[in-house]
Amino acid sequence: MLSTKSNLSDIHVPVTAIYSTRDEVVSIESLATLKAGLTQTTVEEIVLTESLHAYYPEYEQGIIEHALLRLCGITPSEQTENQPVSTFAVES
C-alpha cells in the first residue's frame, strides 16, 4: 500500500472513485487516502448506499455503468440513465 500511495500523484488522467457506505471490505478511509494522493487529476466521487463490496442492486449497477461510460467519454442516453446497460449471466 505504501508504494501505491507514493505513486498516486503520478496519475494524470481523470479518476472515478466508487464507494458504498455498506461496503464490508473497503473502509471509507481508503477513499480519503485515494483522494488525498490524487493531486494531479480530477476525482469524481460516487457514493452508493445499498451496494455491498461484491453485490450491486440493479439501480446502483446502472449508476456504476453510466459513470464508467462517462469516464470513457461515452454519453449514456437519458432514457437509460440509472438503468443497467447490460446483464451478465454467470455460469455455475
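Working from label points 7 Å from Cα in the Cα-to-Cβ sense, the His53 to His12 distance is 3.5 nm. Please sort by residue number the trypsin sites (Lys or Arg not before Pro) in region 1-53 whose DSSP state is loop and whose Cβ has at most 14 other Cβ atoms within 10 Å. Loop-located and lightly packed - Arg22.
Applying 0.36 nm per residue to the separation of Lys5 and Lys35 and subtracting their alpha-carbon distance, the gain on full extension is 9.8 nm. Taking Cβ atoms as reference points and 13 Å as the exclusive limit, the residues near Tyr55 contribute a net charge of -4, counting Lys and Arg as +1 and Asp and Glu as -1.
Placing unit charges on the Cβ atoms of the charged side chains and taking the dipole of region 1-62 about its Cα centre, the candidate lying farthest along the positive direction among Leu8, Val47, Tyr59 is Leu8.
Tell me the GluC sites (Glu not before Pro) within region 1-69 that lie in a loop according to DSSP and have at most 15 other beta-carbon atoms within 10 Å.
Counting only loop positions with at most 15 other Cβ atoms within 10 Å, the GluC sites (Glu not before Pro) in region 1-69 are Glu24, Glu50.
Local charge sum around Thr41 (other residues, Cβ-Cβ under 11 Å, Lys/Arg +1, Asp/Glu -1)? Result for the local shell: -1. Each Lys or Arg adds one and each Asp or Glu takes one away; over the other residues whose Cβ falls under 11 Å from the Cβ of Tyr19, this sums to -1.
Every number here is computed from the coordinates shown, using simple stated rules; none is lab data. Computed from a predicted model, the values in this text were never measured in an experiment. Heads up, the Cβs are rebuilt from the backbone with ideal geometry, glycines too, and the neighbour counts pull from every protein chain shown.
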